[in-house]
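Worksheet for the structure shown next.
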Amino acid sequence: MANETSGVVGELTGPAALAFGIESAAGLTNWLLADFSASDLLYRPTPEANCAAWIVGHLVMSGRTMMTRLGATNLPTLPDGFEAKFARDEVAPKLADYGDTTKLAEIFTQHHELFAKHVAAMAPAKLAEPLPTPHPRFKTHAELAGFATVHIAMHAGHLSLIRRMLGRGPLV
């Protein structure tokens, strides 16, 4: 089996399987976003729901946090103000304007390709190590990488709902 994004070949076990999960969930996210316009990215299914722009920015920020927890150090530079716009606070998710959203999918892809490559390059022994600061959902490096897949896919579900509410048919 070969993954077109990473070139992973052979059995998907250990680091390769975790990297494939991240790539697959990120690919699904990009597929769902492919035909979104700037106004589509700001659509909210309900007044209190997150819009697609915030979801994608949040996935970038959470991916950065997870990569850092896994030891990644060469993270891409973010545009000015990105961290504040896509923070997990009371203000950012409710913003009406996220600025120029045309690069969001590209920033998301850049980060998640790096995330998958970082995980694929990790030694199985490192993946088995406990995190210095455990989280209620993950205690080891491998569990964190596995959770990343679930987290990205969960938010892809939100994007799928937004697509349907915008009148588009299902992709999956």
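Residues Thr133, Thr149, Thr109: which one is surrounded by fewer than 16 Cβ atoms within 10 Å (Cβ to Cβ), out of contact with any His (no Cβ under 9 Å at 6 or more places or on another chain) and of a type outside the set (Asp, Glu)?
On the way: Thr149 fails: surrounded by fewer than 16 Cβ atoms within 10 Å (Cβ to Cβ); Thr109 fails: surrounded by fewer than 16 Cβ atoms within 10 Å (Cβ to Cβ).
Thr133 is the lone residue from the list that is surrounded by fewer than 16 Cβ atoms within 10 Å (Cβ to Cβ), out of contact with any His (no Cβ under 9 Å at 6 or more places or on another chain) and of a type outside the set (Asp, Glu).
I'm checking my understanding of the structure. Among residues of segment 83-103 that are in contact with a helix residue (DSSP H, G or I) (Cβ under 8 Å, 6 or more places away or on another chain) and under 28 Å from Ala142 (Cα atoms), which one is surrounded by the most Cβ atoms within 10 Å (Cβ to Cβ)? So that I can check it myself, show each step before the final result.
Within segment 83-103, the first condition is being in contact with a helix residue (DSSP H, G or I) (Cβ under 8 Å, 6 or more places away or on another chain), and the residues that meet it are 83-88, 92-93, 95, 98-99, 101-102.
Filter again for under 28 Å from Ala142 (Cα atoms), leaving 83, 86-88.
On the way: Glu83: 14, Phe86: 25, Ala87: 16, Arg88: 11.
Among them, the one singled out is Phe86.
Residue-by-condition table, conditions (1) part of a loop (DSSP other than H, G, I, E, B); (2) under 23 Å from His158 (Cβ atoms):
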{"position": "Leu75", "(1), (2)": "yes, no"}
{"position": "Pro93", "(1), (2)": "no, yes"}
{"position": "Gln110", "(1), (2)": "no, yes"}
{"position": "Leu127", "(1), (2)": "no, no"}
{"position": "Pro134", "(1), (2)": "yes, no"}
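So which residues in segment 58-70 are touching a residue at least 24 places away in the same chain (Cβ under 8 Å) and over 14 Å from Ala26 (Cβ atoms)?
Within segment 58-70, the subset touching a residue at least 24 places away in the same chain (Cβ under 8 Å) is 58-64, 66-67, 69-70.
Once the filter is applied, which keeps residues that are touching a residue at least 24 places away in the same chain (Cβ under 8 Å) and over 14 Å from Ala26 (Cβ atoms), segment 58-70 yields Met61, Arg69, Leu70.
Please work out if Ala96 is more than 20 Å from Gly27 (Cα to Cα) and within 17 Å of the chain's Cα centre (by Cα). First the steps, then the outcome.
Values: more than 20 Å from Gly27 (Cα to Cα): yes; within 17 Å of the chain's Cα centre (by Cα): no.
Criteria not met by Ala96.
Each value in this text was obtained by applying a stated rule to the coordinates, not by laboratory testing. As the structure is a prediction and not an experimental result, all values here were calculated from the model. All Cβ positions, even for glycine, are placed from backbone atoms using ideal geometry, and neighbour counts span all protein chains on display.
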